[in-house]
Structures are given as C-alpha cells and as structure tokens.
Amino acid sequence: MNCESGFECAKVAVPLDHLNPDDQIFEISLIRKAGTENLTPLLVNPGGPGASGFDYVRDNYETLGTQALRDSFQVVGFDPRGVGRSAPVTCSDEKLKDQIYYQESGFPLGSQQDFDFSKAALERFAASCQESGFDVAYFNTQQSARDMDIIRAALGVEKLDYLGFSYGTELGATYIALFPERVGRFVLDGAVDPTLTSAQGTVNQVAGFDKAFRSYLSDCLSRTECPFQGSVEAALKQVEELLVELETSQLPTQYDRNAGLTVALYGIIAALYSEQSWRFLTQAFQEAFDGDGSTLLLLADFYNDKDPEGGYLSNISEANLAINCADERVPPEDFAKLREDVLDASSVFGKYFGYPELSCLGWPEGKSMVQLDYALELSIGPLVIGTTGDPATPYQQAVSLSKLLSRATLITYEGEGHTAYGSDDCVNEYVEDYLRGAVLPASELRCG
C-alpha cells in the first residue's frame, strides 16, 4: 500500500512467541521505495538494537549505499519487534526518561546515595515502559530473527539477502544460526561477535571508545583550534577532571536544560561514531572549558534521539534496553571482574560503565530462546566488514565473526568511525560485487 511519499508500506503478522505460538499476534512494519517491487529484495537493519529500519530507509534512501545498490535491489526496511511501528516498547512517563538520560543524583559517583537514587529511578522507568503492550521478554534477538524468516516468505524468496549494520550484524548472525538453509547473500558491517558475553561486550566497547577517543585527541592536538595542549595523555587527564567535576555539578547551556555527567558522556560517545563529527566534539570541549555545555547537550540529544524542542523522536532508548536485557545480562558473579576490566580498558570512561547491577533493573530476561550454533555450513558465505578504528564494535569482533561463520569473507577497512559501507569506494565495490553474485578475489580483503 502507498504510505510515505514515494514509498510503499506493508505489515506482516507474527506470533509473540514463535516456539509456542498462541493467539498473541502483532504486526511488523515494512517499507520499500515505490517502483522497486520487481527488483531482488534486500532486507536492511541499521542497528541499535532499537533503530528503526522503516525510518532508516524512508529518511536515507537517496544516500543508502550507492546508486548501484538502489538500482539493483528492492531495499526493504523493517522495524524489529519492540521498535518504532512494530509493537513498540512505550514508556508512560517522559519525565522519568529525561531523568534517566539527562539528570544526575547530585551525590558522588559510586556513593550509596548515588546508587540508591539510580536504582529507584531505573526501576520506576522500567515499570513505566511495561504498563501496556506485550511481554517484552519476547522482544529478544532470536524472536526477531524468526520474524525475519516470515518477512522472507512474504517477499516470496527462498533465500534471504540481507544488509545489517552494527547490532544488525548480530541479528543477521542469529538468522544464520537459526535458518542456515535460507541464507542468501549477507553483508554484516560493523560486526558484533555474538559469542561474547554481555560483560565481554561491555569491556570491548569501552576499550573501543577509548581507542577512538585517543585517535580524536591526537588529531585535535595537530590543529590550531584544539582546546587541548601537550600530549594525548595530558588531554585525557583534562577530560577526566572535567567529568569528575560534572559528577556533582552541571554546566549551563543556551537552552532551558543543563549539562551534567550523563550528558557529557553521551555527547562524547555520539561524536566518536564518525570522524566527520570530531569537529563538533572539539567545539563541545571548547565551550565546556569556558563553562558552556550547549554543544555537549545537542550531541547527547542526537545520541538519544531527543527533539531539542521537547519530546523524543523515537523509542530507540527503551527498545535498546528491552532487547539487550532480554538477550543477556551480566550475572552477579561477574560484577566485580567487570568493574576491574572496564577500569583497565579506559581511564576516562571505564568507571562509568562499572555498574552492571543497575543495567537491567526491572527488565525481564528473554523467553523462548535456544542455544545457537553459528558455524553451520552455508551454501553462500557472508561478507563481514570491520573498521580498524570502530569505537562501538571494535575491529577484532569482525575478525572473530568472520572466523565463526561458514565460508565468510572479511573486509578490513583501515580508518575511523562506525561501519564502512557507503562511505568508502573500495568497500562499496566489494559489497556490491558480492551482492550481485560475483566471486570475491580472496577470503580476506583490505580497503582504506
């Protein structure tokens, strides 16, 4: 059916629980460019978890991949369960959401008062997101991968072709493990290693952001407008001191909100996803050292998909929590080790990621999940892409995933930022040759 201007939309019905289907059914929302219905379907997921594939295709179609990709494929975006238009996780109290993502306790980090404040707020927030709708325990990645197979059938293809970014690579790898005989050409960019525990994934990501931040600082120090001086280590110390100050104080902004520790962390992390955003991070630090948190706040708003004028543009934050917590959480016996490991991974960021007991408060564990074997034989090997400076999904995870999946080819992109397809001609050529059926020249390729 026609929907957004220039696009066609559809819905497919899926059971809440694929392993024990009953009368609980909801709909997954799909979108494609009008006039592409005779092209080969290519299902796309932009990551998250919690990012809307519907919005991604609608808002970015003209810059999605390359023109060659759009001319060759019926690009299909979808909202996974719990996301956007597909039985979205909906929180009833927006002020609670603001409190979680923008406000501080006012007590020293790690103090009992700080912990008690955070615990109470997180539990209230989780409860506010589960007052209506379906049991979010079923909003796990395995159930979403089973939804993808219903989408495949609805598209009328025997084998699914797929392009997944970031978390979308984990979703793709899960589909591979569940339906190896239905796997077509899978491109997995910004790869996640699905065999890592939740604790290992956290440590790897903290180390990835630390590496990317050091790269940013090194670049910044080579420029005249940089607010730092001296060495990278000296700059790291200056940022560490700023964050410590913001644990118990806030910077005023040009808006009606202040910027504390949480805003600063989200703002810094948001700018590390792309080298093109580094200039905004430089501006944010220049302002912050002058007592103004405005750009840090805008970067945090971008990360949290918040409208600076008020409200939120999507449910990505709560969907991310629901899905991640349904998939896996850090067990209590690993809490102490995680705290040590994140501190070792980053002197600046580590201590702020060392509270796994707070991460999934009030969110249920996943239901109807099975043990997965990712190494099952495939007729067509997937294409795995890793960026050496990727902050969110560190490069080594792409190496691991390429070794894990049957007949996989690894593209190493030597550069900065999160994901590579669509931003590098070499990567683009390999991806599109692969998707169109070409045999790639080697099992390991390099670009950048």
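The values are calculated or read from the model by the stated rules, or taken from the named source; none is laboratory data. These numbers were taken from a predicted model, which means no experiment stands behind them. Backbone-built Cβ (ideal geometry, glycine too); neighbour counts: all protein chains shown. These area figures cover heavy atoms from the full protein model, side chains too; ligands, DNA and RNA do not enter into them. Shrake-Rupley method; radii C 1.70, N 1.55, O 1.52, S 1.80 Å.
Excluding Ser92 itself, what net charge comes from residues whose Cβ is under 15 Å from its Cβ, given Lys and Arg +1 and Asp and Glu -1?
Once positives and negatives cancel, what remains is -3.
Search the structure for amide H atoms under 5 Å from the amide H of Ala420, placed 1.01 Å from N in the peptide plane, and list their residues when 5 or more places away or on another chain.
Those lying under 5 Å, H to H, from Ala420 are Gly190.
Using R₀ = 51 Å, calculate the FRET efficiency as 1/(1 + (r/R₀)^6) where r is the Cβ-Cβ separation of Ser379 and Phe289; round to 0.05.
FRET efficiency, Ser379 to Phe289: 0.35.
Using only alpha carbon pairs under 8 Å that are at least six residues apart, calculate the relative contact order of the chain and give it in whole percent.
Relative CO of the chain lands at 18 percent.
Taking +1 at the Cβ of each Lys and Arg and -1 at the Cβ of each Asp and Glu, which of Leu445, Thr195, Gln113 sits farthest along the dipole of the chain towards its positive end, judged by Cα position relative to the Cα centre?
Farthest towards the positive pole: Leu445.
On a C-alpha basis, how far is the centre of region 333-377 from the centre of region 216-251 in Å? Whole number, if you could?
28
Mean 1/r over all different Cα pairs, inverted: what Kirkwood radius does region 229-321 give, in Å?
That comes to 13.7 Å for region 229-321.
Using a Förster distance of 41 angstrom, determine the FRET efficiency expected from the C-beta separation of Glu245 and Thr197, and round it to 0.05.
So the FRET efficiency works out to roughly 0.75.
For every helix of n ≥ 4 consecutive DSSP H residues, a contribution of -39,500 (n - 2.57) applies; sum these over the chain, divide by its total residues, and give [θ] at 222 nm rounded to the nearest 500 deg cm²/dmol.
-13000 deg cm²/dmol
Express the accessible area of the chain per residue in Å², computed with a 1.4 Å probe while the remaining protein chains stay in the model.
42
Test of understanding: what is the full-extension gain from Glu340 to Ser274, defined as 0.36 nm times their sequence separation minus their Cα-Cα distance?
20.9 nm
What is the distance in Å between the Cα centroid of region 416-432 and that of region 164-192?
Centre-to-centre (Cα) distance: 17 Å.
Give or take rounding to whole Å, what are the principal axis extents of the alpha carbon atoms in region 287-374, in descending order?
If we take the Cα atoms of region 287-374, the spans are 50, 33, 28 Å.
Which of the peptides 399-407, 73-81 is most tightly packed, and how do the rest follow, judged by the mean count of other Cβ atoms within 10 Å per residue?
The peptides rank, most packed first, as 73-81, 399-407.
In region 30-131, what percentage of the DSSP-assigned beta bridges are antiparallel, given to the nearest 5?
45
Please figure out what share of the DSSP beta bridges in the chain is antiparallel and state it in percent, rounded to the nearest 5.
40
On full extension of the chain, what length is gained from Glu444 through Lys11, given 0.36 nm per residue of separation minus the C-alpha to C-alpha distance?
Roughly 152.0 nm would be gained on extension.
Give me the dipole magnitude in Debye, nearest 20, for the chain about the Cα centre, with unit charges on the beta carbon: positive for Lys and Arg, negative for Asp and Glu.
That gives the chain a dipole magnitude of about 720 debye.
Please compute the length gained on full extension between Thr224 and Asp23, using 0.36 nm multiplied by the number of residues separating them and subtracting their Cα-Cα distance.
Between Thr224 and Asp23, full extension yields 66.0 nm more.
Please give me the summed charge of the neighbours of Leu16: other residues whose Cβ is under 10 Å from its Cβ, Lys and Arg +1, Asp and Glu -1.
-2
Over region 22-161, calculate the relative contact order: mean separation of alpha carbon pairs under 8 Å at least 6 apart, over the residue count, as a percent.
That works out to 25 percent.
Can you give me the distance in nm between label points at Gln371 and Leu313, each placed 7 Å from the Cα along the Cα-to-Cβ direction?
4.4
What net charge is computed for the residues neighbouring Gly366, neighbours being all others with C-beta under 13 Å from the C-beta of Gly366, Lys and Arg scored +1, Asp and Glu -1?
Taking every other residue near Gly366 into account, the sum is -1.
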